[in-house]
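Notes to accompany the following structure.
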Amino acid sequence: MKTFCKCLLLCVLFASCSKIEINDDPIIGIWHHTVKTATNTNKLVVDSEEWIFNDVYLGRFHGYKNGEVIFLTDFSWSADNGIYKVSYPGTDFPDDYVKMEETAEGIILMRTEGKLFAEKQD
């Protein structure tokens, strides 16, 4: 009986373990944007921005000025029907809504209102 209980317990434990879902969304990776004007929509004075998207729907945003990180924060992201929402909890940054497009130069993220958000880095 003891052996049966141990086997039953092992079966229950084994069956209750779930597989880790693989997230292979094409947004995962590093995205970069060179800022053309003195300030961006977040009101930071930067000359470039970088987003690092990871597979657990989180990431890190960096703002650069003259090659030095002057601002960084975490973000979360989600996808719904080809539209990605990027949120910056704990900041006053507005959410970004972007969609992926393929161009002759590579893959880009465009804001839903039509402005360039970032370009995918290799």
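Values in this text are rule-based calculations from the coordinates and carry no lab data. Every value quoted in this text rests on a predicted model; they were computed, and no experiment measured them. Backbone-built Cβ (ideal geometry, glycine too); neighbour counts: all protein chains shown.
Of note:
- Where labels lie 7 Å past Cα in the beta-carbon direction, separation of E105 and K36 in nm: 0.9
- Distance in nm between pseudo-label sites at N54 and T112 (7 Å out along the Cβ direction from Cα): 2.7
- Region 30-122, Cα convex hull volume normalised per residue, Å³: 108
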